[in-house]
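What follows is calculated from the coordinates using simple rules that are stated; it is not laboratory data. Remember, it's a predicted structure, so these values are computed and weren't measured experimentally. Using ideal geometry, Cβ is built from the backbone for each residue, glycine included, and neighbour counts are taken over all protein chains shown.
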Amino acid sequence: MGVRIKSVGISRETQSSVENSGRAAKQSLERAGVRPDQVGVLINAGVFRDQNTVEPAVSALIQKAAGIGLEYAKDDPRTFSFDLMNGATGVLNAVQVATSLLETGSAEHVLIVAGDGHPSMARTAAADDFPYATSGAALLLEYTEEPDGFGKVHTVNGAGTPVVEAYVDLSTMGSVGRGLMTVDREPDFEDRLLNVATEAAKAALAEHADLTGTALIASTPTVEFPKRLADVLGIDQDSVRTPDLTDGDPHTASLPQAYDRAVIADTLKDFTHVLFVAAGAGPSAAAVLYRLPAFAGAAA
């Protein structure tokens, strides 16, 4: 018994994080044959927002873009949505919440969306001043009586100063602050993220000793990060699965995009488990072992 991925959706079609997340949500429902009214909860884990929107909750904007819960008659089904922002680990934190909701029968399906984009909505590729690609992704989750799905999510918080900070610089924003974002990364940010990611991953791997049957999907603060993590953990390099990094780091959408890419390419067929690991900001990390369903090839 557990919570598993029913389908995935991705979008890189617009320069809007809201629209990309909404389109990814729609795609995940279409792939699964699930109606919008069957989604009880939508959780948004995205961080970088169109025009630095503060209110309303971006989850509500994504819910509207996805066409979920827009019926208002007395007996129409309701969908509850909220933002859960914790940088690159947000999707796995959302998995924790979704698991509790689904295991208690509080929702039939939970939809996790994640997407980031430059607040100016004028670029799609990462650059030195903003190292994140514009894209969106969605994970549609369901409860199953089968022995597959997510294990326990393990989290680690590192000591010291944040390794990555993003903020609107009030001294330089002037009248165009809604389209600006400053991102600072410590010189040793990758090594510090690797340390916390390793600790979280080892805790998750304690549930399953067979590394030969485990694929690794990790966040991508750098192109090399997932393979560096694999080396430390003793996982074969050929077992690493990554998202499309043509435009740079998808940030919060990295894990679902990598999973979607692997399922579509049918490169998980020889594995029994996927180790998901995310690390960022804090420095903090989260990791969870996912037991693949027998029909994983159709999960996208």
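Count the net charge of all other residues whose Cβ sits under 11 Å from the Cβ of Val41, scoring Lys and Arg as +1 and Asp and Glu as -1. Summing Lys/Arg as +1 and Asp/Glu as -1 gives 0. The Asp210 and Leu170 beta-carbon pair, evaluated with R₀ = 45 Å, returns a calculated FRET efficiency of approximately 0.30. Report D for the range 1-93 in µm² per second (integer): Stokes-Einstein, Kirkwood Rh on Cα pairs, 37 °C, 0.692 mPa s. Answer, rounded: 235 µm²/s. Here the range 2-147 is treated with +1 on each Lys and Arg Cβ and -1 on each Asp and Glu Cβ, and its dipole about the Cα centre works out to around 220 debye. Seen from all directions on average, the chain presents a Cα convex hull projection of 15.3 nm². Less than 5 angstrom separates the built amide H of Ala218 from those of Arg241, Val277, all sequence-distant by 5 or more or on a different chain. Qualifying GluC sites (Glu not before Pro) in the range 178-208, where qualification requires a DSSP coil assignment and no more than 16 other C-beta atoms within 10 Å, comprise Glu207. Net length available on complete extension from Met85 to Asp270 is 63.2 nm, with 0.36 nm assigned per residue and the Cα-Cα distance removed. Taking every DSSP beta bridge that has both ends in the range 154-298, the antiparallel portion is near 75%. In the range 154-298, with Lys and Arg counted as +1 and Asp and Glu as -1 at Cβ, which of these residues, Phe276, Gly179, Gly160, has the Cα nearest the positive end of the dipole, that is, farthest along it? Working it through, the farthest residue towards the positive pole turns out to be Phe276.
Here the spin labels are modelled as points 7 Å beyond Cα on the Cα-Cβ line, and at Ala125 and Asp247 they lie 1.1 nm apart.
Which residue fluctuates the most in the chain, going by a Gaussian network model with Cα springs under 10 Å, if the choices are Thr155, Thr212, Thr79? Of the options given, Thr212 has the highest mean-square fluctuation. Restricting the range 42-128 to trypsin sites (Lys or Arg not before Pro) that sit in a DSSP loop and have at most 11 other Cβ atoms within 10 Å of their own Cβ leaves Lys74, Arg78.
Think of the chain as a dipole: +1 on every Lys or Arg Cβ, -1 on every Asp or Glu Cβ, centred on the Cα centre; then among Ser135, Gly67, Ser100, Gly67 lies furthest on the positive end.
Footprinting exposure proxy ranking of Ser120, Ser16, Ser171, fewest other C-beta atoms within 10 angstrom first, gives Ser171, Ser120, Ser16. Taking every DSSP beta bridge that has both ends in the range 61-204, the antiparallel portion is near 95%.
The charge dipole of the range 154-298, taken about its Cα centre with unit charges on the Cβ of Lys, Arg, Asp and Glu (plus for the first two, minus for the last two), comes to roughly 320 debye. Rounded to the nearest 20 debye, the dipole size of the chain about its Cα centre is 460 debye, using +1 on the Cβ of Lys and Arg and -1 on the Cβ of Asp and Glu. Taking max minus min of the alpha-carbon positions on each principal axis, the range 215-256 gives extents of 28, 16, 15 Å, largest first. Of Ile217, Ile264, the sequence from fewest to most neighbouring Cβ atoms within 10 angstrom is Ile264, Ile217. Where both bridge residues fall in the chain, DSSP classifies roughly 70% of the beta bridges as antiparallel. Each of Phe189, Phe276 was scored by other Cβ atoms within 10 Å of its Cβ. Arranged with the fewest first, they read Phe189, Phe276.
Between Ser106 and Asp188, full extension at 0.36 nm per residue minus the direct alpha carbon distance yields a gain of 25.3 nm.
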